[in-house]
Amino acid sequence: MENCKTIDDVEAWLEPMNYEEFWREIRPYCLVIHRRSDCDAQIAAGSVDTATVLEGLKYLARIELTKRHGLHWKVPTPWLRLVTNED
């Protein structure tokens, strides 16, 4: 997360994490999202699968980190410059 300068960077940081890695990696940031014990209980009860919980947690983490650090999306294309052909 230290090198994240855009929302795209945060998504790229979160994307490869599995459930265990997610909880380990976000711990230093003290995010205000669902408690792990609640998530574990829902998964254990079979009311939701791990992949769905993880997807939601990553979404919430992205939102909070974006707001906390004032991040924006990368500009999709570089700025263009008008070039004239002078004869």
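The values are calculated or read from the model by the stated rules, or taken from the named source; none is laboratory data. None of these values were measured; they are calculated from a predicted model. Note that each Cβ is placed from the backbone with ideal geometry, even for glycine, and that neighbours are counted across all protein chains shown.
Numerical summary
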read-out	value
Count of the range 47-70 residues which are modelled with pLDDT of 95 or more and assigned to a loop (DSSP other than H, G, I, E, B)	3
Qualifying residue in the range 36-46 (condition: closer than 27 Å to Asn3 by Cα, at pLDDT 95 or above, among the acidic types (Asp, Glu) and loosely packed, with under 14 Cβ neighbours inside 10 Å)	no
First in the range 15-27 and under 13 Å from Glu55 (Cβ atoms), second anywhere and of a type in the set (Asp, Glu) and surrounded by fewer than 12 Cβ atoms within 10 Å (Cβ to Cβ), Cβ under 6 Å, 6 or more apart	none
Those residues of the range 1-55 which are within 21 Å of Lys67 (Cβ to Cβ) and either in contact with a Pro (Cβ under 6 Å, 6 or more places away or on another chain) or of a type in the set (Phe, Trp, Tyr) (or both), in sequence order	Trp13, Phe22, Trp23, Tyr29
Hits in the range 54-78 (condition: surrounded by 15 or more Cβ atoms within 10 Å (Cβ to Cβ) and β-branched (Val, Ile, Thr))	Thr66
